[in-house]
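Asks: Take this structure first; my questions come after.
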Amino acid sequence: MSAPMSPWAILRRDRTARACGIVLTAIALLAILADALPFSDPGFVSTSRRYQAPSFSSVWEPAPRAASDVVGVWSVASRAIRLAVFGDYQIGPILGTDELGRCILSRTVFGSRLSLLAALAAACVTLLVGTAVGTWAGWKGGRIETTIMRCVDLADSVPVVFVVIFAVSFLRASGITNPSAKVAVFFLTLGAVTWITMARLVRAHARSLREQGFIESSVALGLTERRLVWKHLLPNLVPTMLVGMSLTIPRILLFESFLSFLGMGVESPDLSLGTLARSGFGAFNPIEPRAWLLAVPGISLAALLLALNLLGDSIRDAFDPRLPR
Amino acid sequence: MHLSFPNSVTLLITSLVVVALSRTGSRLKHSRPLTAFLARRLAATFITVIVVHACAFALMRAVPGGPFDTDPRMDPIVRANLVARYGLDRPWIESWLSSLGGVFRADFGPSMAWRDNSATEILGAGFPVSAALGALALFFAIVIGVPSGIVAATQRGKWIDPVIRSVSSVGLAVPNFLVATVLISVFGFGLRWLPVAGFGTWRHAILPAFALSLPVAAALARLVRTGLLIELPKDHVRTARAKGLSPLRVLWVHALPGALGPAVAYIGPAAATILTGSLVIESMAAIPGMGTHFVSAAMNRDYPLALGAVVIYTTLVSLFNVFADLAHARLDPRIRL
Amino acid sequence: MGVVTRIAGWGALAVVIPVLLLALALRHPPRADFVVGNGNEPKSLDPAEASALPEGRVVRFLFEPLIVLDNSTLEPLPGAAASWESTADGLAWTFHLRSNGYWSDGHPVVARDFVNAFRRLVDPATGSRAAAYLLDVTNAREIRSGKLSADKLGIAAPSPSVLMMTLERRPADWLRTLAFPALVPVSIPASGIPFENGKPLISNGPFRVASRTPRDRIRLERNSFHRDASRWPASVDILACDSASTLLNMFLTGDVDWVTDIPPAVIAPLSRRNDGTLRAAPMSGTYFIRVNTRRRALGNRHIRAALDLSIDRRAMAAAALPGGELPASGLVAPLTDGWRSLALRDNVARARELLKQGLKEEGLTELPPLEYAYNTLDLHQTIAEVLQRQWQEALGIRVRLSRMENASLLAAVRSGDFDLARGSWIADHLDPTTFLDVFLSDAPNNQTGFADQDYDRAVKAAAALPPGAQRLAALALAEDRLIAASAVIPLYHYASYNLVSPRVDGFGSNPLDLHFPQGITKGR
């Protein structure tokens, strides 16, 4: 056996991980650059096109005049890029249309944007809160650690889904009418329930680092505690954070779609994969199934989750070589 | 502040129990580990329930608007009567304590949306349905997941292992509502084998339980496979094999007990997963379980019912976690309680 | 070996527990002869609480009012009363009860049961919303406000079979009002408390409660004491299921016989099946926009009219509505007996002129930003989006959409904190005043700030006329005044959709979407 490879090298050589990485990057780029790509306006109502099944009859078509205002630097710039590259054309409804003749392809792309944003926002909360709490507890040890971990234990035995549904349903009725405030509340609630896994993982690792004599050697080098934590402890915790994120992000995505499917998550006209699946299920019937309305967002979500899960497996395998493959 | 007598008793008992339980851990240090473990974990469950109840209650009270504000044609006199009847005009500490006292007596109060039944009656009617569905789902998950994991681990390197691994990855990724829709379309409408919705006979329970079981089965398959792959190369298993014992016996007696540990510890999260899934599946399949009660109570702002459901769910998940840890320790002697 | 046994034991346990639990949870009798998919779980089976549709449907199965209506023509037919007469001014009524009317416990139904029930409804302590239907009965308003006790209500039982009522005012349609589900007799037990939890429910209608599982189903059986018992199915299940998609699935597999709530997206394909199961009928209800006339720009009637005329209602119906709904140009749904039908006035060019004129009058160069508030429901969302686009294209104005929970919308409308808000009115009887009264200046549900003394006078004067063409013409003139003010912008008139299995006869269709089980009989 040759010299042990670094986890990063293992990850780079892992074909599954590479494939997932490519898929995820593609999805992320699609979501980020959606404005600059020739998708039709996801809100564009075209009554002559209600419930069109997926077809390639109109793959490339002239774009109708945009009805919604373009706000923000990013959107204006994207619109300009789009006009320069693709001209006044758009991709037709190749994946079918919904009850208002809106293009499902473009709705799914724009919907995945909010789903990913939710995952990202909640992941940031998780990263910040989870790492902070975990590091603090694992590093300080003693009474602080015990107290913090007691609280984490308590939080862990709460069935978060139910508490979140409870919270969301009451917050929704609380008269918050500003749509972005609503979405922000939703994101924060999502993040608030997922930081625990991260806190546990980070704390265990930080503690083992402390027990390995990490402090003593560093203190011997004459480092201040703050410098020690920032320069040496945290960088060493990065793999754990990665593992934590790989567990958290798919969970949030699934959770978001779940809540939106129950009608308690993102609200129309905002789009997410969950709300699309919800309206797809509403239109699904055995007489005229219109299966594409449910299948397109549903399969997109499943593919996204699959890629995330597989990449997560690879990350865990790479950083925890004790586990057999 | 004036507190009514039963409420002061609730307050007193609650604080006494919390103090007493929080000290049991240290006092029981020298008794049997099982007793100490149970005492500690039950105390934690108790405190969790109180904290969750308090948070949920605070949330309900903090949000403006009540269950009787949705009706435009309602007379102000009638509304005032209703508000008084359900005690919504009492000071919050009073209501909180009497609600908490009710929780200990398993009396969650009258349902505000459904006047003919108390919240306890409604939850009591939904609970066996959800429990049966959940138990059946768990059963399916074990029957599908554990053998798949064993096959994948023992047939490592053959074609079946990657197949099981990919199927379980997909099973973890596909959302419940998609699985349920496909199952209903195929077995309900396509083949007409099973009813599409409703509840009443065992045939009604199969599709929803199966849809609920899939993510848990997938997770179990992975856990069992990994557990076995760790266990199989170990010395005691190799020794057993070298002694010429049949492969089945080696697997069954020597490898599995150690390998099943993580899978058994997963029962707690699995219960949470199934309960969560039941929210969607029950409402899709018109099953009168706790899940549908909970979702509609939350939507209708039926305070007592929603609160009761949250308390029950919290207790259930906590108890399942205790049970899982206990079982895990039984199966794996290296784990201390 | 111990471990193996243990694992095997656990395995056996894992099999036994689900089976046991399942057996415990499955206590339902087999499918009933007639299964109704009733939407939400009824709040209560107490008729005094029967203010919403699901409750009303169940109560109609259980209780029989004095009058029932024909399922197709809405003609009043004898219910618990065999015959009735009134004075010429319509203020005093005498009802003769059937000699063969019985409660489900075998006791005869007597006039006293109606007296008790009506007093109970009006008593403020009961907290019933249905009291509103009885406000014209002598002394009802005083009892409501606590000035008189409930036994002063103008209703009396001179003999067990004779019921007399005196009214202070002549209501628009008193006989049909008496067919409301809340206005049924009640059998007061010895304890004095009717409908106590845990006691069997005693009813006088075609059916009685056999069993009830909360939020699942109410199993009804024929009331064997009822005179027509043999005509009806032996058992009825009232299913509580609020998912329209699920109920549709159950209907299509034959598990449900009557579905009242159908996903809008499915209505078109269902009607294309053309197998007679979808019963679509125009309905006495109107979907409209409330305009807050207290807002600066919206106080101008020309600006309001511009918003009104710029809507292309036909295009909206094509884009957003399932199919049977009529675009509305008036507030009163055209089905009310002998009511006129108005032509659409949609006119974009005129709307642009009116907007220009209105802005000039207000000294504005452009319309201040407006917000359209509506509550969470896919249909409202779709309509809001269509409105937004139509206004943008016709008038070049950008209306912000504000989606909120129903409770928040009601609160916002009540406190006048809105520009434009979604509203609707479903008639509970067939008289135009049920719509026109909503926008009287002192009406609690007006909420638009529209207050026109001439309109109030016109409606009240017309309503007091004796029934007939002259009265309708006078009401139509009043409605013209309301429409011209554009404080309320009607969009469309509702349609009712029911899925009914061919196993059922006598279902009927009518503008109130009422279906009395008395008329429904076993089919093939």
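The values are calculated or read from the model by the stated rules, or taken from the named source; none is laboratory data. On a predicted model such as this, the values are computed, not experimentally measured, just so you know. Cβ placement follows ideal geometry from the backbone for every residue including glycine, while neighbour counts extend to all protein chains displayed. Note: accessible area is taken over every heavy atom of the protein model, side chains too, but ligands, DNA and RNA are not part of it. Shrake-Rupley method; radii C 1.70, N 1.55, O 1.52, S 1.80 Å.
Asks: Rg/Rh for chain C: what does it come to with C-alpha atoms and Rh from Kirkwood?
Replies: Result: Rg/Rh = 1.03.
Asks: Please report, in whole Å³, the volume per residue of the convex hull around the C-alpha atoms of chain A.
Replies: Working: hull volume 65.1 nm³, N = 325.
Dividing the Cα hull volume of chain A by its residues yields 200 Å³.
Asks: For the stretch C:383-524, what Kirkwood radius comes out of the mean inverse Cα-Cα distance, in Å?
Replies: Kirkwood radius, the stretch C:383-524: 18.4 Å.
Asks: Moving to a separate point now. Protein chains only, probe 1.4 Å: how do B:ILE50, C:ILE188 rank by accessible area, largest first?
Replies: C:ILE188, B:ILE50
Asks: Compute the normalised compactness of chain B: alpha-carbon radius of gyration over 2.2 N^0.38 Å, N being the residue count.
Replies: That works out to 1.22 for chain B.
Asks: Something else about it: What spacing in nm lies between the two simple spin-label points modelled at A:SER6 and A:ARG150, each 7 Å away from Cα in the Cβ direction?
Replies: Reported label-point gap for A:SER6 and A:ARG150 is 4.2 nm.
Asks: Then there's this: Kyte-Doolittle cut-off 1.6, length cut-off 27 Å along the helix's own axis using Cα: show which whole DSSP H helices in chain C pass.
Replies: Those that pass (Cα extent of 27 Å or more, hydropathy at least 1.6) are C:2-25.
Asks: Name the residues whose placed amide hydrogens come within less than 5 Å of the amide hydrogen of C:ASP452, ignoring near sequence neighbours (fewer than 5 apart) on the same chain.
Replies: C:SER441
Asks: Turning to a different aspect of this structure: For the stretch B:213-319, which trypsin sites (Lys or Arg not before Pro) are both in a DSSP coil and crowded by at most 11 other Cβ atoms within 10 Å?
Replies: Taking the stretch B:213-319 and a limit of 11 other Cβ atoms within 10 Å, the loop trypsin sites (Lys or Arg not before Pro) found are B:LYS243.
Asks: Using the C-alpha atoms of the stretch B:226-278, what convex hull volume per residue, in cubic angstrom, is computed?
Replies: Numbers: hull volume 3.9 nm³, N = 53.
Dividing the Cα hull volume of the stretch B:226-278 by its residues yields 73 Å³.
Asks: Give the angle, between 0 and 90 degrees and rounded to the nearest 10, that separates the Cα long axis of helix B:267-284 from the longest principal axis of the Cα atoms of chain B.
Replies: The angle comes out at about 60 degrees.
Asks: Taking R0 as 25 Å, what FRET efficiency do you get between C:ARG112 and C:ARG227 from their Cβ-Cβ distance, rounded to the nearest 0.05?
Replies: With R0 = 25 Å, the Cβ-Cβ based efficiency is 0.80.
Asks: Using a probe of 1.4 angstrom, how much of the accessible area of the stretch B:5-331 is carbon and sulfur, in percent?
Replies: Answer for the stretch B:5-331: carbon and sulfur cover 70 percent of the accessible area.
Asks: Over the stretch C:283-495, average the accessible area per residue using a 1.4 Å probe and give it in Å², no decimals.
Replies: The answer is 39 Å² per residue.
Asks: What stretch of chain C, leaving out the sites themselves, is the longest with no GluC sites (Glu not before Pro) in a DSSP loop having at most 16 other Cβ atoms within 10 Å?
Replies: C:197-365
Asks: Report relative contact order for chain B in percent, whole number only (criteria: Cα-Cα under 8 Å, sequence separation at least 6).
Replies: 23
Asks: Okay, next question. Specify the residue with the greatest mean-square fluctuation among A:PRO239, A:PRO297, A:PRO62, computed from a Gaussian network of chain A linking alpha-carbon atoms under 10 Å apart.
Replies: Most flexible of the set in this elastic network: A:PRO62.
Asks: Please work out the Kirkwood hydrodynamic radius for the stretch A:202-311, using every pair of different C-alpha atoms, and report it in angstroms with one decimal place. Walk me through the numbers on the way to the answer.
Replies: Numbers: mean 1/r = 0.0578 Å⁻¹.
Result for the stretch A:202-311 stands at 17.3 Å.
Asks: While we're here: Quote the FRET efficiency, to the nearest 0.05, computed for C:ASP337 versus C:LYS460 with a Förster distance R0 of 22 Å and r equal to the Cβ-Cβ distance.
Replies: Working: r = 20 Å, r/R0 = 0.91.
The calculated FRET efficiency here is 0.65.
Asks: Which three lengths, in whole Å and largest first, does the stretch C:283-495 cover when its Cα atoms are put on their principal axes?
Replies: Result, largest extent first: 49, 39, 35 Å.
Asks: Once both axes come from the Cα atoms, what is the angle between helix B:303-331 and the longest principal axis of chain B, in degrees from 0 to 90, rounded to 10?
Replies: Here the helix axis deviates by roughly 30 degrees.
Asks: Helix-derived [θ] at 222 nm for the protein assembly as shown: sum -39500 (n - 2.57) over DSSP H runs of at least 4, divide by residue count, nearest 500? Write out the running numbers ahead of the final one.
Replies: Numbers: 41 runs with 611 residues, N = 1186.
Value at 222 nm, helices only, nearest 500: -17000 deg cm²/dmol.
Asks: Could you work out the Rg to Rh ratio of the protein assembly as shown, with Rh taken as the Kirkwood radius (inverse of the mean 1/r over all Cα pairs)?
Replies: Ratio value, two decimals: 0.99.
Asks: Out of the total accessible area of the stretch C:283-495 (probe 1.4 Å, heavy atoms of protein only), what percent is carbon and sulfur?
Replies: Values: 4310 of 8310 Å².
Of the solvent-accessible surface of the stretch C:283-495, carbon and sulfur hold 52 percent.
Asks: Moving to a separate point now. Relative contact order for chain C: what is it in percent, counting Cα pairs under 8 Å that are at least 6 residues apart?
Replies: 18
Asks: Oh, and also: Set the Förster radius R0 to 41 Å, insert the Cβ-Cβ distance between C:ALA315 and B:LEU191 as r into 1/(1 + (r/R0)^6), and round the FRET efficiency to 0.05.
Replies: Approximately 0.45, to the nearest 0.05.
Asks: Run the simple label-point estimate for C:ARG481 and B:THR35 please: 7 Å along Cα→C-beta, distance reported in nm.
Replies: 8.7
Asks: Mind grabbing the accessible area of B:SER169 for me, 1.4 Å probe, Å², rounded to tens?
Replies: Solvent-accessible area, nearest 10 Å²: 10 Å².
Asks: Further question on the same structure: Any idea what angle helix A:142-156 forms with the longest principal axis of chain A, computed on alpha-carbon atoms, 0 to 90 degrees, nearest 10?
Replies: The helix A:142-156 is inclined about 30 degrees to chain A.
Asks: Treat each spin label as a single point 7 Å out from the Cα along the C-beta direction, and report the C:ARG350 to C:ALA234 distance in nm.
Replies: Label at C:ARG350, label at C:ALA234, 6.3 nm between them.
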